[in-house]
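So the structure is just underneath, and the comments pick up after that.
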Amino acid sequence: MKAFFTDDQLLHDPQQYMRVGRICKPTDLPSRAHALRDALAGRGIALASPPDVGRAPLEAVHSTDYLDYLETAYAQWRELKVFGLEPGIEVLPNLSPYYNGAPGVDRAPCPSPSLIARTGYYISDLSCPLGPHTWRSILRSAHTAVAAADAVLAGDDVAYALCRPSGHHAHRDRAGGFCYINNSAIAAQRLRQQHGRVAVFDVDAHHGDGTQNIFYARGDVLTVSTHADPSGYYPFYTGYDHERGVGEGEGFNLNLPLAHGTGNDEFLDAVDRGVAAVRAFAPGALVLPLGFDTYKDDPISVLKLDLDAYRALGERIGALQLPTVVVQEGGYMVEAIGPALDQFVQGFLSTR
């Protein structure tokens, strides 16, 4: 198994995160990447640094106006002064404009040149601060996904992208839920260079709303997601089982929401349903956004999986016998994510 990561991804070091009206300590810490890296090393899997391929692969998924904003916002923020106030330590929105566009339909660029306006337009919540090195980290995280996809395109059976920051909540032109650039969508779009159909099977605790939205009107990419019932859990507004796609994408989106408190058996039943959908779609390749925030003791999880679930998950995904790009998503109990990844890798490789 090839694996990719660069220390540039550690540079993003968020200082603020709001939960229930309180500014809390962030959970997306650089130490998460250290734990995952150590788990791979324990399996004898070396991490290669991805080449810097610039913005082009990101522009295949994200709007240029959004990428321009992410790249330049922090420097502009430091120069900002509004009503005599100095800006905060990180770029954060203080408004959330309502958008009533249909899923899969692109928004126009922000109509206002104001940095305050653009921050509200392009960042959807208070979990995505932009710091001095955030752009470099998110760019290189995307490059990690690109490198893994390119390894599979070159003939590797499986490649792992240790993406940090995560990506599946990032829409075409909006950040949210710790996510700025949709690494899984970029990997899927990259695989489309060679494969007529690609499946994305997201097993994070949270619905991959950004990934769903990006591909919602397309029939060449199947999106499947197992996740905690969003009626009482982030991202709240999407992830319901009636969401099946629109236009050419109708029938090519499958959500499998799980009751809060779900354990291994019910989770694996949902995985089996997702595997069946992937088989029926008959893709040429698979992207697996892999989250460990489903673990029973994760600080922001409402699901109750133990480590055995991740080995069983690996076995089921490996049994698909598809060229596979594994893209790291959530998981915030640092002590658990390394063992969870180890169990997944064991299960996956046992089928190959």
- Note on the structure: Being closer than 25 Å to residue 341 by Cβ and either in contact (Cβ under 8 Å) with a residue 60 or more places away in the chain or in a loop (DSSP other than H, G, I, E, B) (or both) narrows 274, 210 down to just 274
- Tell me which residues, restricted to region 260-284, are among the small types (Gly, Ala, Ser) and either buried (at least 16 other Cβ atoms within 10 Å of the Cβ) or in contact with a strand residue (DSSP E or B) (Cβ under 8 Å, 6 or more places away or on another chain) (or both). 263, 270, 274, 277, 284
- Query: When you look at residue 27, is it hydroxyl-bearing (Ser, Thr, Tyr), modelled with pLDDT under 95 and crowded, with 19+ Cβ neighbours inside 10 Å, yes or no?
  - Reply: yes
- Filtering helices (runs of 4 or more DSSP H) wholly in region 7-105 for at least 1 residues that are of a type in the set (D, E, K, R) and over 18 Å from the mean Cα position of the chain (by Cα) gives 31-42, 64-78
- Checklist (1) surrounded by fewer than 23 Cβ atoms within 10 Å (Cβ to Cβ); (2) under 19 Å from the mean Cα position of the chain (by Cα); (3) not in a helix (DSSP H, G or I) applied to residue 297, failing item: (2)
- Query: Taking residue 153, is it surrounded by fewer than 21 Cβ atoms within 10 Å (Cβ to Cβ), hydrophobic (A, V, I, L, M, F, W, C) and touching a residue at least 12 places away in the same chain (Cβ under 8 Å)?
  - Reply: yes
- Of the residues in region 115-132 that are of a type in the set (A, V, I, L, M) and part of a helix (DSSP H, G or I), the one that is surrounded by the most Cβ atoms within 10 Å (Cβ to Cβ) is 115
- Any hit, region 221-242, residues being without any contact (Cβ under 8 Å) to a residue 40 or more places away in the chain, over 22 Å from residue 179 (Cα atoms) and part of a loop (DSSP other than H, G, I, E, B): yes
- Task: Answer yes or no as to whether residue 184 is of a type outside the set (Asp, Glu), touching a strand residue (DSSP E or B) at 6+ places or on another chain (Cβ under 6 Å), on the phi < 0 side of the Ramachandran plot and modelled with pLDDT under 95.
- Result: no
- Message: Quick check on residue 234: is it farther than 22 Å from residue 153 by Cα, touching a Gly at 6+ places or on another chain (Cβ under 7 Å) and of a type in the set (Ser, Thr, Tyr)?
- Response: yes
- Considering every residue within region 71-83, establish whether at least one is of a type outside the set (D, E, K, R), in contact with a Cys (Cβ under 9 Å, 6 or more places away or on another chain) and touching a residue at least 40 places away in the same chain (Cβ under 8 Å). no
- Name the residue, out of 129, 87, 109, that is of a type outside the set (Ser, Thr, Tyr) and under 26 Å from residue 216 (Cβ atoms). 109
- Query: Do you know which of the residues in region 194-247 that are among the aromatic types (Phe, Trp, Tyr) and under 23 Å from residue 124 (Cβ atoms) is surrounded by the fewest Cβ atoms within 10 Å (Cβ to Cβ)?
  - Reply: 237
- Go through the residues of region 320-338 one by one and say whether even a single one is charged (D, E, K, R), part of a loop (DSSP other than H, G, I, E, B), at pLDDT 95 or above and within 21 Å of the chain's Cα centre (by Cα). yes
- Message: Just checking, does region 307-317 include any residue being at pLDDT 95 or above, among the basic types (Lys, Arg) and not in a loop (DSSP other than H, G, I, E, B)?
- Response: yes
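The values are calculated or read from the model by the stated rules, or taken from the named source; none is laboratory data. Worth saying up front: this structure is predicted, and the values here are computed from it rather than measured. Don't worry about glycine lacking a Cβ; one is built from the backbone with ideal geometry, like all the others, and counts go over all protein chains shown.
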